[in-house]
Structure formats: structure tokens, C-alpha cells
Amino acid sequence: MRRPVDLSTYLVADLATLDHRDAADVVRAAVDGGATIVQVRGKDVGATRLLEVVIACAEANAGRATLVVNDRIDVYLAARAAGADVHGVHIGQSDVPPVSARQIVGPDAIIGLSASTPENLDRVRALPPGTVDYLGTGAVRATPTKRDHPVPLGWDGLARAIASAGGLPCVAIGGLGPGDAADAYAAGADGVAVVRAICLADDPAGAARELRREWSRVSAPVPNILAIAGSDPSGGAGIQADLKTIQATGGYGMAAITALTAQNTQGVSGVHVPPLSFLRAQLDAIASDVTIDAIKIGMLGTADVIQTVTTWLDGLGTIPAVVLDPVMVATSGDRLLDDESERALFALIDRADVVTPNLVELAALTGGDVAQTWDEALTQARALAARHAVLVLAKGGHLRGSACPDALVGTDGPIIQMDGPRIVTENTHGTGCSLSSALASLQARTGDWAWSTRLARDWLRGAITAADTLAVGGPGGHGPLDHAHAIRTGARPPRLAAEPDFWWEQIAQIRADIDAGDFVRQLAQGTLPAERFDHYLQQDALYLQAYARVLRSAADLAPTREERDFWAASAEGCLVAEMELHRSRGADARAEESAETAAYLRHLRDAAEASDYALLVAAVLPCFWIYDDLGRRLAAASSEGHPYADWLATYGDPAFTRATQQAIEVARRAARRESDAGLARMMSAFTRSSELEKDFFAQRPRVLVSR
Ligand SMILES: Nc1ncnc2c1ncn2[C@@H]1O[C@H](COP(=O)(O)OP(=O)(O)O)[C@@H](O)[C@H]1O
Ligand SMILES: Cc1ncc(COP(=O)(O)O)c(N)n1
Ligand SMILES: [Mg+2]
């Protein structure tokens, strides 16, 4: 049986680098520190000597990490023959071809292959499945310990290589250390392989521990998601769909079964509700042993079951995120909840964060008729949200017509709305179950409901699109989705690095409010009262002085020279180009800060003082982006003699657009280095700055009350 390979903390025990250090001692220490895989490499060492070292390293490893021998299959076989616990080989392009190596070492050995160039990777994708277990991809940077790679790949080159590796796990190698974990993870690697970072370390255990810690920090831990739902033996809905979905969206799925249904793609032919005490026993078994990061509640069946779950939730102490899919009517139209239970359901809704009714369920929960239009659905969703202080995921699946929108609705209306055409297929059994489980799983990773909703819905549409490739159920029924579509097509699970473009969409309402505000409207028309504009300019002069210092903080924190130079130039630019406008109008930075200016600067200074580069980048980004967006759109309003032509010219300048595009790209790269929690922090910093930008435009000269 081939052991699973964990590439996250990969030590290459290179005898040349180790020089006179005892390889076995370094291997023992590194594995003590958490190294997950060790490759013993002795390029210029004779077989006998290498065999001795491999046997000694195997004893030091004691079966804890995966142990592979570099290149020398003969030494691997000899070590196995000598009874050493060695697990495989790592071969290069110039060694034995992988198919031959597999024949020699047999089906249970691990084979790693160095592959980086497009030609190498074309050959890798053509290999029979199972020939190779993982790839070593690099050198990412030029390094003395990997002379045979002509040109370093760099991170973009690594990402390209991994994307064309046909889904094989890849470890990044070449001049790397713990500080590279984030970039390697963002490039899609499954781990970082190091040579000198551990071989030359005074404390190899500590070095391995640091590498492992950095890797687990960036590669978000898998959250534990509990589904409390019914069983659908056809596998398309219920806990069967929940478990498949949770796994496909990056969580670890668990399930407490509330009811058993006899069901297939044609419909539900029977429901059996086991004793309540047994449901409670299942729930207690989980809660007493496993940290639950999010809960998805699906079919409950009876009022007693609802009450049991409600009571259990109340006893949890800290209740994790709860997504309640109020399963009353299945997509097939079959009722899955009796009438008496609907009242009990309201008490459970009060304990949920998000409820995900389909249109029929939404009508039942709001006591109205089934919405015939999307606006009617949104109105009902908003009423339900207000009554229960819960978010409502309004689902357009049951709408007639070709549109299939979804929206996350709060008491003030849609928080995020996603349009999109209805996918033509009959195979939509379990769509609601799957969407709600995906939402719970992704929420546990992002901590942001709007973002999780978008990610969950994008994943679901992929599963629906792929549904027709399955052959489940007879004619006339509704078949299941393909929950494994992303895994089956070899695509990598969605990275949660939300692009800044998603943040930009999230502030659509704020941007609309800025446009609708009288400052921007009158500025464009040229009717803005002079004292209002002068006040704004005074405050803006104050703001820019402090803002320049914040940009210099970003330069100090930037991890690459390119980013450092960008922030330093931006700091300079805002003092020169933008302040020129202010000076020309006599605005100076001696005025007193208004409340709006003070609040905005406090937010930026807090981000700078947190010394969190990614957070700071996200906090300053709206100032570039909102001004550039405004400037470009208002440029058309300018004309000969326009009283504010200079302002319009400053912010409509293509150089400002170029700087903004660079700032967005820098933010995109910073986001990709972040863990999921870091990404959520970036998005909230970005949104907060946008709100403060809106307040800044809306501020009015303080009417000084004469004493
Ligand atoms: N034909 C389809 N095309 C695209 N998306 C769909 C389709 N059918 C369902 N969905 C998606 O699945 C979600 C849940 O489906 P819906 O039928 O509304 O709920 P339920 O499955 O609980 O009855 C919808 O919100 C929508 O995002
Ligand atoms: C056991 C069980 N639970 C839930 C549903 C709802 O399915 P859908 O997701 O189509 O609303 C179902 N059909 N069976
Ligand atoms: Mg449903």
C-alpha cells in the first residue's frame, strides 16, 4: 500500500551541502521539527557510501516522514533488501524514465519526478496515472545546489508549470526558505523543498518547524463542518450531497442524520424519523470530541426533531456559523416537513446566521404567495431577514424564464446579488442542499458571508454544468449534480485569494452613493459652491500630507523592491502632483482636521501602525481607485472655463490611471500571499476606507456658530 505523501515540509538532505555534518543527525532533527518528507541526495557519492547513509537516515527517521533516495534506484533497492524503512525514489529528467522506474520499484513505492519545462510537463501529463506521485518543480531561484536548471522559473513560471502538471501534487524547490511559503502556496504548490535552509541551519529542527509553521499558516487549515440533515440514498441530496460538497469546497464533512428517506431521482417515496434520543446522541458524540467550525442544517422532518436540534444548539456555548436550509419542499416538489413543524422552524431560524429558502419555502415562511418575479422574492426575503435578524439567501432556481439570480439579503436589502443564465439541464436534484453546504464550508474559511456566497454559487454552477456527464436515474427524473467536477477535471480547488475586483464590486453601493452625493454632482456641473470646494480642498491638503506618510510606511513594509519603489513614488507623487492643485488654490495644510478627515486618517494610521503590509495596501487602495474611477468618468464634464477644470484634469490624468492599475496589481499579489483570514481582513479594510472616502466627499464646511 503506497503511503500518502505530504509535501508541505520537504528536506533535501544533500550530502555535498551537508559536507561533514552527519546526515542522519540532521534528518533526525529535521523530522523531529516536523519535516514531512526527506530526500537523501548524494550526487557525487559512491553506491556503498550512499547506501550506508540511506540506512542510517532510515533509522533516524523511524518511519515518521516519507524517505526517498535521489536518483539511485539501485541504492533504494539495496536499502530495502537490507530491511531499511525507505519509501521510494526521486528521479530527474536524465535518469531512468518514470515508467521504467515504476516497473523496477513496484506499485507501492513513492516516485517523485523533477519536472519544470513545458516539454517535461507534456510528458508528465502523458504518463499512465499512478506512475509518478509528485513533481519537484524549480529552480524557483538560482541556487548553487541545483546547477542543472538553466534559468530560474520565478513565481510566475512556477505557477505556470504547476497549472500544467495535470493535477499532480508539486513541491516548489530552488533557493527557498520558510519566508517563501506564501508565494509558493499562491503559485499552487503543495509544499516547499529546502536544502541549505535546513542542512546548514544551526538548529535543523527549528528550521523545519519554522517551515512547517509558515506552510500551515498560509495554506488555510481544513475546517470541520457538521451537516445535520436527512439521508437521500440516491446520493444527490441530503447528507450525501452535503458531505461531497463540503469536501469539494475545502472542508472536512461530518453528518448527524435526522431522518431517512426512500428517495431517487423521481421523488420521495417514504420518510422514517429515527428516535430523537439517537439524534441527540449523534450530536453529542460530535460536539464532545470535534471542534465544529460551521454547521449546515438541512431536512429535519418533524417539530420534535427541530426542537431537539434547537436545544442542542443552545447548549453548545459558542455557536459556530449556522446555515439553515429550511427543507420543506424538495426541488422535485415533494414536501419534506409536516405542517406542525413550520412553526417550530421559526425558533430555529432565530439561531441561524443565514437561511436559504427556495421560492416555495420563502412563501411558506413569509405567509405569502410564491414569488412570481425576482423583485417579489427579494421583498419577501427582506421581510424574513428583518423579522428574524437573519441573512436570507434568496434563490432564483424556481423562477420561470432564463434568468437564475441569487442574492444574499439582509434587513436593508441585497448585500450581494449574482445574476446568470439558467443552465439547461434536468439534473438539478440537491441544488439547494449543495449550495447551503458549500456556503457553510466556505464561510468557515473566509469569515465573510458575501464572499462565501459568491464562491459557493460559482462552485455550484460548475457542479450543475457538469451534471449531465453523470448517468444517475431513469428518464423523467431529476438527476444529481457532479459535486466532484473540479476534482474530476484536475482543476485545483478554488484558492480563496479574492481578487480586488471582488472588493470593488462589494462597494458598488458606496460608489453609487458617492456619485449620487451633491458634492460630485455639483463638481461635475461646475455648480459646487466655492466655499464648499475650498473646505474640501483644505481638508484634502491635510489628508494628503498624512496620506503620503502612510504610503511611505507601505514602502517600508513592502516585501519586494518593485513594490517598495512603487509606494515611494506614489508618496512622492501625491505630494507633488496632487498638492500642486491645492497650492494653486491657496489651500494649505494648516487648517484644522474635520471629523471626517480625522476618522479617515485614524483608519489609515491604524493600518500603518499594525505593520501588516497586506492590510495597509488594502486600506490605501480605495483612495487610488475611487479617485481614478471618478476622474475618468468626470473628465468628460470638463470644458473651457469650467470652474473646477483643474481638479478634473488632475484626477482624469492617464498617469493617475497607471498608478491605480499598479496599486490594484500590488494588492492582488499581496492578497495571494494571505491566508483566508488575512484576505477577509484586507477586504474589510478596503471597504472601511471606501466608506470613509464617501464621508470625506459628503463633509460640509463647519458652520461656525457666532457666540
Ligand atoms: N438550472 C439551473 N441553472 C443554474 N443554477 C441553478 C439551476 N437550478 C438551480 N440552480 C442554482 O441552485 C440554487 C438552488 O436551487 P433552488 O431550486 O432554488 O433550491 P432548492 O434546490 O432548495 O429547491 C439556485 O439558487 C441556483 O443558484
Ligand atoms: C434527504 C433530503 N434532504 C433535502 C432534500 C432537498 O433537496 P433539494 O436540495 O433539491 O431542495 C431532499 N430532496 N432530500
Ligand atoms: Mg431545497
Revision key, fill the gap. Heavy-atom accessible area with a 1.4 angstrom probe orders Trp215, Trp567, Trp449, most exposed first, as Trp449, Trp215, Trp567
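Length gain on complete extension for the stretch Glu59 to Phe346, per 0.36 nm per residue less the alpha carbon to alpha carbon distance?
Extending this stretch completely gives an extra 97.2 nm.
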Check your understanding: To the nearest 10 square angstrom, what accessible area does Lys395 show with a 1.4 Å probe?
Key -> 20 Å²
Exercise for review: Would you work out the relative contact order for region 275-401, in percent, from Cα pairs under 8 angstrom that are 6 or more residues apart?
Suggested key: 22 percent
**Study point:** Per residue, in Å², the accessible surface of region 529-579 once ligands and nucleic acids are set aside, probe 1.4 Å
**Key:** 41 Å²
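So if R0 is 60 Å, what FRET efficiency would Asp518 and Asp334 give, r being the distance between their Cβ atoms, rounded to the nearest 0.05?
Between Asp518 and Asp334 the formula returns 0.65.
Mind giving me the FRET efficiency for Asp44 and Thr465? R0 is 51 Å, r the Cβ-Cβ distance, nearest 0.05 is fine.
It comes to 0.45.
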Study note, to complete from the structure: Long-range amide H partners of Ala259, meaning residues 5 or more apart or on another chain whose placed amide H is closer than 5 Å, are Gly230, Ser231
Practice item. Take His478, His272 and sort them by solvent-accessible surface of the protein heavy atoms, 1.4 Å probe, largest at the top. Key: His272, His478
Check your understanding: Taking only protein heavy atoms and a 1.4 Å probe, what accessible area per residue, in Å², does region 18-175 have with all protein chains in place?
Key -> 42 Å²
Practice item. Check each of the GluC sites (Glu not before Pro) in region 595-663 and keep only those in coil by DSSP with at most 11 other C-beta atoms within 10 angstrom; list them in order. Key: Glu640
Exercise for review: Provide the gained length on full extension for the span Arg668 to Arg3, in nm with one decimal, where the gain is 0.36 nm per separating residue minus the Cα-Cα distance.
Suggested key: 235.7 nm
Check your understanding: Say each of Val290 and Gln266 gets a label point 7 Å from the Cα, pointing the same way as Cα to Cβ; how far apart are those two points in nm?
Key -> 3.5 nm
Revision key, fill the gap. In this structure, the FRET efficiency calculated for Asp32 and Ser639 from their beta-carbon separation, with R0 = 51 Å, to the nearest 0.05, is 0.10
**Study point:** Relative contact order of region 535-599, defined on C-alpha pairs under 8 angstrom at six or more residues apart (%)
**Key:** 50 percent
Study note, to complete from the structure: Everything considered on the Cα gyration tensor (a ≥ b ≥ c; rounded for a/c under 1.5, else prolate if a/b is larger than b/c, else oblate), the chain must be described as oblate
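Would you kindly state how much longer the chain becomes between Arg700 and Arg488 on full extension, computed as 0.36 nm times their sequence separation minus their alpha carbon distance, in nm to one decimal?
Gain in length upon complete extension: 70.5 nm.
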Review point. Taking the Cα-to-Cβ direction at Ala82 and at Arg123 and moving 7 Å from each Cα, how far apart do the two end points lie in nm?
Key: 3.0 nm
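List the relative contact order of the chain as a percent without decimals, with contacts defined as Cα pairs under 8 Å and 6+ residues apart. List each step's numbers first, then the result.
Details: 1318 pairs, mean separation 63.9, N = 707.
Worked out over the chain, it gives 9 percent.
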Point to revise | Share, in percent, of DSSP beta bridges within the chain that are antiparallel, nearest 5 | key: 25 percent
Practice item. Could you please state how large a percent of the accessible area of region 246-392 is carbon and sulfur, counting protein chains only and using a 1.4 Å probe? Key: 52 percent
Review point. Carbon and sulfur atoms: what percent of the 1.4 Å accessible area of region 446-489 do they account for?
Key: 58 percent
Check your understanding: Over the heavy atoms of Arg125, what accessible area does a 1.4 Å probe trace out, to the nearest 10 Å²?
Key -> 120 Å²
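How would Phe346, Phe519, Phe278 line up by accessible area, probe 1.4 Å, largest first? Display every interim value, and only then the final one.
On the way: Phe346 55, Phe519 5, Phe278 125 Å².
Descending accessible area places them as Phe278, Phe346, Phe519.
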Point to revise | Accessible-area composition of region 569-616, carbon plus sulfur, in percent [1.4 Å probe] | key: 50 percent
Point to revise | Nearest-10 value in Å² for the accessible area of Leu615, using the 1.4 Å probe | key: 30 Å²
**Study point:** Whole-number accessible area per residue in Å² for region 294-419, which is evaluated in the context of all protein chains at 1.4 Å
**Key:** 38 Å²
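The values are calculated or read from the model by the stated rules, or taken from the named source; none is laboratory data. Predicted, not measured: the structure shown is a model, and the values here were computed from it. Here Cβ is always computed from backbone atoms with ideal geometry, including for glycine, and neighbour counts include all displayed protein chains. Just the protein is used for accessible areas: all its heavy atoms, side chains included, with ligands, DNA and RNA removed. Shrake-Rupley method; radii C 1.70, N 1.55, O 1.52, S 1.80 Å.
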